[in-house]
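The structure appears right after this line, and notes come after that.
The values are calculated or read from the model by the stated rules, or taken from the named source; none is laboratory data. Given the structure is predicted, the values throughout are model-derived calculations rather than measurements. Protein only, heavy atoms only, side chains kept; ligands, DNA and RNA dropped before computing areas. Shrake-Rupley method; radii C 1.70, N 1.55, O 1.52, S 1.80 Å.
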Amino acid sequence: MKIHLVINNEIETTEIHIHAKEYNEQIEQLMKQLQATQSPTMINGYFNQDIHMLKVDEIYSIYAEGPKVYLQTEEQEFEAKKKLYELEAQLAKDFVRVNKSTLINLNKITSIQLATLSSTQALLENGVSIHISRKYIKELKSKLGIGKER
């Protein structure tokens, strides 16, 4: 892999261009890392007719129910106007998908209960227990830095 840096004081904003022969796992990981560094600190959530600016670190989980996506905080739930996959990409640094319809804040996990693979649960600081699908357990363990070391 070659890395080139061009400094130009006429450029207004930093741009990153990736030139590759093919899209592969290495490119995907690089893109995820770059996107993770761009994580916002605030997200807008909607409750009734009000727009609330929520700090990302105050959000425990994000889940989809039908066509709507909700942001769960300590006090209440807010509706998000973005799709779950958009929030997943935007918040990749702090959140991880644990099942088809739920993202959880890595910093809000108090424990992972590994009863059996089909009933693995994450317990969050607010006391909510969230099911973890087998499909997503590996990525969760990786982001938390737990599991087998090679």
### Message
Rg/Rh for segment 66-112 to two decimals, with Rh computed the Kirkwood way over all alpha-carbon pairs.
### Response
0.94
### Task
Could you rank Lys2, Lys108, Lys55, Lys143 by how accessible they are, 1.4 Å probe, largest area first?
Lys2, Lys55, Lys143, Lys108
### Message
On a full-extension model of 0.36 nm per residue, what is the gain between Gln49 and Thr13, subtracting their alpha-carbon distance, rounded to one decimal in nm?
### Response
9.5 nm
#### Entry: Kirkwood Rh and Cα Rg combined as Rg/Rh, segment 29-116
0.97
### Query
Given the pairs Lys108/Lys135; Lys21/Lys81; Lys81/Lys143; Lys93/Lys135; Lys21/Lys82, which are separated by over 30 angstrom at their Cα positions?
Lys21/Lys81; Lys21/Lys82
### Query
Anyone know which of His17, His131, His52 comes out most mobile in the 10 Å Cα GNM of the chain?
His17
### Query
So for Val96, Val6, what's the accessible-area order with a 1.4 Å probe, most first?
Val6, Val96
### Query
If one takes the longest principal axis of the Cα atoms in the chain, at what angle in degrees, from 0 to 90 and to the nearest 10, does the Cα axis of helix 134-144 lie?
70
### Task
Would you indicate which of [x] 144; [y] 166; [z] 98 is the value of volume of the Cα convex hull per residue in Å³ derived from the coordinates of this structure?
[y]
### Query
Rg and Dmax of segment 83-150, Cα atoms, in Å?
11.6, 36
### Message
Run lengths n ≥ 4 of DSSP H only: what is the helix-derived mean residue ellipticity at 222 nm for the chain, with -39500 (n - 2.57) per run over all residues, to the nearest 500?
### Response
-6000 deg cm²/dmol
